[in-house]
1. Which angle between 0 and 90 degrees, to the nearest 10, do you get for helix 370-382 versus the longest principal axis of the chain when only C-alpha atoms count?
2. Which one of VAL428, LEU172, ILE212 has its Cα pushed farthest toward the positive end of the charge dipole of the chain, where Lys and Arg give +1 and Asp and Glu give -1 at the Cβ?
3. Could you give the dipole magnitude of the range 215-351 about its Cα centre, charging the beta-carbon of Lys and Arg +1 and that of Asp and Glu -1, in debye to the nearest 20?
4. 222 nm [θ] for the chain, helices only, -39500 (n - 2.57) per DSSP H run of 4+, per residue, to 500?
5. Could you derive backbone 3J(HN,Hα) for the range 69-79 from the dihedral phi with the Karplus parameters 6.51, -1.76 and 1.60 (θ = phi - 60°), listing whole Hz in sequence and x where the residue is Gly or Pro?
6. Any idea what the dipole of the chain comes to, in debye rounded to 20, about its Cα centre with Lys/Arg Cβ at +1 and Asp/Glu Cβ at -1?
7. Show which aspartates and glutamates lie in cross-link reach of LYS48 when reach means a straight Cα distance below 18 angstrom and same-chain residues fewer than eight apart are skipped.
8. With point charges of +1 on the Cβ of Lys and Arg and -1 on the Cβ of Asp and Glu, referenced to the Cα centre of the range 67-320, which listed residue (PHE97, VAL259, ILE184) lies farthest in the positive direction of the dipole?
Amino acid sequence: MSKIKFFLGESMPLEMHKVRVVQKLNLIPIEKRKQALDDGGYNTFLLKNREVFLDMLTDSGTNAMSDRQVASMMVSDDSYAGSETFYRLEKELQSFFGMKFFLPAHQGRACENIIAKTFVKPGDIIPMNYHFTTTKAHIELNGGKVEEVFTDEAVKITSTNPFKGNFDLDKLKKFIKEVGVSHIPFARIEMGTNLIGGQPVSLENIKAVANICHKNNILVVTDASLLADNLHFIKEREEACKNMSLHDIVLEIAKVTDVMYFSARKLGCARGGGICVHDVKLFDMMKDLIPLYEGFLTYGGMSVREMEAMAIGLEETLDPEMINQGPLFIEAFGKKLMEQGIPIVTPTGGLGCHIDARAFLPHVKSEEYPAGALAAAIFLVGGIRGMERGTISETRNPDGSEHPASVELVRLALPRRVFTMSQISYAVDRIAWLFKNRDLVQGLDFVEEPKVLRFFIGRLAPINNWSEKLVKKFREDFGDSL
Ligand code: F0G
């Protein structure tokens with residue numbers, strides 16, 4: 001928690017950085033925003049940046065870099081093979097995770113491809129606290145399946161549980177017994193569980209999961225993409241870790257992990273990604289796939305500038321005042337939304353604020369995609385681009401029926417160090433107006449539905465042209481305001 005106490009009024013998150021380079025934003029009129037939605041198939045992934053005011057789609061590759069990161073990019077050593085930049089990054093990772101071997105990859109899902117290709121065979125089932133879209137897709141492409149072993153708290157929207165990302169240890173033990181270790185090449189621990197609201201896993205739970213796995217000769221694979229937020233929460237919420245440094249916590253996690261992978265678009269506020277291991281045997285099993293899918297072993301699809309920025313970004317991740325900025329802003333955003341009666345996931349986690357679309361739009365059925373409709377409506381009323389994290393992000397059942405997501409969320413991501421409190425107040429204002437007029441919003445229908453990861457490029461249309469009615473009401477209430 002920020003150490004600063006305030007004399008006047010309530011406390012607020014305080015930026016421990018100043019802004020020195022800015023980018024101009026556009027806020028186009030609501031009629032143009034409606035046109036943008038019509039053109040983009042009511043899918044916020046298909047909007048153009050010039051149509052967006054506040055881009056809260058993701059924190060992936062959109063975090064603000066520090067002056068030190070930008071400066072480091074100027075002194076990179078460019079070479080296909082054996083660049084000094086690579087060795088600097090490798091050294092930083094060896095120190096950061098305390099793991100000896102590093103394989104570079106162009107982003108997180110590329111690591112997932114390498115790991116799935118190496119370890120997953122048809123019939124395998126991979127237990128995890130919660131799936132991530134690309135992780136699951138890679139495991140399934142290799143003939144495997146995913147089993148989620150989360151606790152009952154994980155999918156409760158409102159909770160006071162500090163670690164909703166934890167594994168249910170009894171379910172994990174039962175699962176291993178039932179499936180048999182020969183079908184479980186690894187268990188995957190996702191830090192800062194993305195799809196259930198950026199919810200953390202405790203260090204105690206990580207150690208317990210690793211203990212169960214290692215007793216059964218099952219590898220532990222940790223997805224560290226959202227490690228920074230999770231670290232903040234371990235330090236703040238886990239009594240036993242209060243006096244540990246952030247680096248001590250990282251090393252403890254890495255000590256019980258066999259394969260650590262990450263998207264550096266999130267971790268380290270840069271681009272790219274990579275896989276770290278302790279054991280040369282695991283390194284050898286994966287290394288031949290890097291030149292095949294990513295690039296040579298000393299760049300893995302990344303530019304040297306990205307690698308330099310990542311090395312500094314990782315170092316800065318061990319600064320509590322750097323990594324608390326996301327969670328504290330998200331907490332303040334969530335508090336303001338709740339004051340307006342808007343249903344969100346609690347406790348607030350990392351990555352972004354997550355609105356409960358089922359409670360916001362109770363009249364929209366899962367098959368008509370409440371989270372997709374709400375994400376489109378939030379863009380329409382405020383130029384704010386969030387992301388659907390609900391049934392559209394799921395895959396249909398083999399018989400073609402919908403597989404309703406356990407939670408229907410709209411994620412308003414807060415890339416680190418990017419937005420100000422006044423922009424957040426604006427977002428709250430527009431979402432509060434939408435909440436008052438939520439009866440006007442109906443569901444969506446697919447017009448074009450890709451077979452794999454349909455949420456990325458699928459196109460939908462508003463049922464009964466609800467967006468037109470919302471534009472009309474906006475004009476009645478706001479006059480000629482943007
Ligand atoms: N694992 C987690 C937990 C992630 O959140 C992501 C990406 C990936 C893996 C894949 O990494 O994008 O570098 O290929 N999450 C982004 C998001 C896309 O918007 O939440 P990537």
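Here, each number is a calculation from the coordinates, and none is a lab measurement. Just so it is clear, the structure is predicted and the values come from calculations on it, not from any experiment. Cβ coordinates were reconstructed from backbone atoms using ideal geometry, including for glycine residues, and neighbour counts include every protein chain displayed.
1. 60 degrees
2. The listed residue farthest towards the positive side: VAL428.
3. 260 debye
4. Here the helix-only value at 222 nm equals -11500 deg cm²/dmol.
5. 3J(HN,Hα) across the range 69-79, in whole Hz: 5, 4, 4, 5, 5, 7, 10, 7, 10, 8, 6.
6. 400 debye
7. Here the aspartates and glutamates satisfying the reach criterion relative to LYS48 are GLU31, ASP38, ASP39, ASP59, GLU388.
8. Value computed over the given set: ILE184.
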